[in-house]
Every structure is written in structure tokens, then in C-alpha cells.
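A.B. asks: Structure below; questions to follow.
The values are calculated or read from the model by the stated rules, or taken from the named source; none is laboratory data. Keep in mind that what you see is a predicted model, and the values were worked out from it rather than measured. Using ideal geometry, Cβ is built from the backbone for each residue, glycine included, and neighbour counts are taken over all protein chains shown. Note: accessible area is taken over every heavy atom of the protein model, side chains too, but ligands, DNA and RNA are not part of it. Shrake-Rupley method; radii C 1.70, N 1.55, O 1.52, S 1.80 Å.
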Amino acid sequence: MPVVLKSSPLLWTRLAALVFTCVAFSLGLHGAKLYLHTGDFCIFCWAFSFAGTLLVILVELFGLQTRAPVSWKNFPITFACYAALLCLSASIIFPIYFLRGSGEQSEVRDFRIVCTVFSCLATIAYISEVCLTKARPGEVAGYMATAPGLLKVLETFVACVIFVFISEPVLYDRHHSVKYCMSVYCICFILTAVIILLCIGECTGFLPFPFARFLSAYSLLAVVLYMSATIIWPIFNFDPHNGGQNQRPYNCSSAVGLCTWDKCMAVAVLTGVNFMLYLADLVYSTRLVFVSA
């Protein structure tokens, strides 16, 4: 089996991301003395990104793109975008939980500082990979390399963060309107994830209707749903007339991590963020002319 090794900025960017994530999770496991589920999450972010990047490099190294069970026009950039978001999350969460006010010995703290630095470097490397592989104006490319495709990756990631905040403790069982918001998050997440999987699996041609029209119709539906959730969630969580609390409780200052009120506020902000992402998705989807290679 011939080995195809072509030096390019993209290859060096992937090798850099491979090294950075390897150093981050290796040092995290070796001497950083991580604890709680937060440490496990950061290790997962770095290890998952490392494994996926290694897979992409090996497939392209041995020229196996045509034998891969996924669309190679869509998979690498989709993975790179998720890896960038995961490493960015770890770069933010890790120092908050393991560096701020850390009373550990200097050697352990040094390990944690190095982990944070390499996590930030990995984030930069993956963002650079996305910039190098995204579609240029007039270029024939896979859907996930276009602006709407990348927006869908962001939409699913933001929805996952919302699920984390809204599920522990459960924040959506107080009122039917809040349960409606939860249904909006679930419906939009599932449909967006299905679209991504259809593109990666090159199954869009099997749909009984034009894929481009479906994307535009779904983007419009998602905008309407998220707009309603952006309005309803704050009303029933922060308006005293509807059982909410408009001021941050005093006990939140002494709570470890985020208290319930903080999580409600985070969900409200992230709902607004996803609404803006879906709105931008709608604008791009109605203007995009997708040409299949």
C-alpha cells in the first residue's frame, strides 16, 4: 500500500494539533492529579481530538479516502470543528477548576499550567485547520465545509452545553412553558445532528425531497422555535410574577461552581446564542448554491 506524504500547511497544522493534544492529555494523566468529572471531561476532549486527528492523518497518509465509509469532503472539517470546540472548552474549564486558587504543590501546578498551555495551542491549531479547509467563494466543496455546515456544528455543540446546564439539577420540570423550551432544544439538536450525519454519510441523495429546500425549511422552523424559547425561558425563570427570581441569590456567592440561578442564566444566554446561529444559518442557507462534486 503506497504511502502518500505531501508536505502542506494543512498537514503541518494537523501534526501540530496531534502533538499538542498528546502532550495535554499525557501530562494531565501523568502528574496533574486531576479529580472530579471535570478532569475526566478535559482528558476526554484532548484524547478524543488526538485519536480523531491521528485517524485523519493515517487515512490521508495511506490514500484511503475513497475506501472510507464516510464522505471525505465533509468528515475532516467536521471533526476539526468539533475538536476546536472541545479543546476550547477544556482550555476554559481546566484552569478554572485546577489552577484558580490551587493549593497543590508546585510540581503539580506546573503540570497543570503546561496542560492549559498545550490545550490552548491545540485549539489554535484546530481553528487554523478549519480555516484552511473551509470552502472559498465559488469553490466546489462538501456541505460541511460551507458556512451553513460549520454553523450546524456550532449549533449542536451549544445545544450540548445547554443540556449539561439544564440537567443537573433539572431546571425544566417547574412549568409547562419551560418544558416546551426543553423540547425545542431536543428537537433542533436531533434534526441538526441528523443533517450532519446525512452529509458525512453522503446520504442526502436518498431523501424523497430536495435537500436544499429541506435545509431552508428546517432553518426557518429552527429560528421560529428558538426565538420562542429565547423569550419564554427568561420569563418563567427570572420574572417574579411567573415564579422566577430576577436577582442572584446570596448563597450563589459561596456555592462551589455554578448555582441553579447561574445555570438558568447560562441557559438563557446560550439560547440567545443558538437563536443567532440559526438565524445566520437561515440567511446563508437561502443564499447558498450547493454544487455536488
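A.B. asks: Between Val19 and Leu258, what's the calculated FRET efficiency when r is the beta-carbon distance and R0 is 35 Å? Round to 0.05.
C.D. replies: 0.60
A.B. asks: Can you sort His176, His241 by solvent-accessible area, 1.4 Å probe, largest first?
C.D. replies: Working: His176 145, His241 170 Å².
In descending accessible area the options line up as His241, His176.
A.B. asks: Which lysines, on any chain, are close to Lys179 with Cα under 17 Å apart, when same-chain ones fewer than 8 places away are left out?
C.D. replies: Result set, ordered by chain and number: Lys263.
A.B. asks: Residue separation times 0.36 nm, minus the C-alpha to C-alpha distance between Cys160 and Asn242: what's the value?
C.D. replies: Working: separation 82, 0.36 × 82 = 29.52 nm, distance 2.68 nm.
Between Cys160 and Asn242, full extension yields an extra 26.8 nm.
A.B. asks: Something else now. Would you mind finding the longest exposed-site-free stretch of the chain, with exposed trypsin sites (Lys or Arg not before Pro) meaning DSSP loop and at most 11 other Cβ atoms within 10 Å?
C.D. replies: Answer - 101-293.
A.B. asks: Determine ³J(HN,Hα), in whole Hz, for all residues of the range 113-122 in sequence, where each value follows from phi through the Karplus function 6.51 cos²θ - 1.76 cosθ + 1.60 and θ = phi - 60°; x replaces Gly and Pro.
C.D. replies: In residue order, the calculated couplings are 5, 5, 4, 5, 4, 6, 5, 5, 5, 5 Hz.
A.B. asks: Among the aspartates and glutamates, select those whose C-alpha is under 19 Å from the C-alpha of Lys134, and discard any that sit fewer than 8 residues away in the same chain.
C.D. replies: Within the straight-line cut-off, Lys134 pairs with Glu60, Glu155, Glu202, Asp281.
A.B. asks: Between Phe62 and Val194, what FRET efficiency comes out of the Förster formula 1/(1 + (r/R0)^6) with R0 = 25 Å and r the beta carbon distance, rounded to 0.05? Walk me through the intermediate numbers first.
C.D. replies: Numbers: r = 31 Å, r/R0 = 1.23.
So, using R0 = 25 Å, E works out to roughly 0.25.
A.B. asks: OK, next. Which residue fluctuates most in the GNM of the chain (Cα springs below 10 Å): Asn274, Asn242, Asn74?
C.D. replies: The residue that fluctuates most here is Asn242.
A.B. asks: When all C-alpha to C-alpha distances in the chain are sorted into bins of 5 Å, what percent of pairs does each bin hold, rounded to whole numbers?
C.D. replies: Calculated P(r), rounded to whole percents: 1, 5, 11, 13, 14, 14, 14, 12, 8, 5, 2, 1, 0, 0.
A.B. asks: Where does the range 208-253 land on Rg/Rh, using Cα atoms and the Kirkwood Rh?
C.D. replies: Looking at the range 208-253, the ratio lands at 1.35.
A.B. asks: Rounded to the nearest 0.05, what FRET efficiency is calculated for Val117 and Leu10 with R0 set to 25 Å and r the Cβ-Cβ distance?
C.D. replies: For Val117 and Leu10, the calculated efficiency is 0.60.
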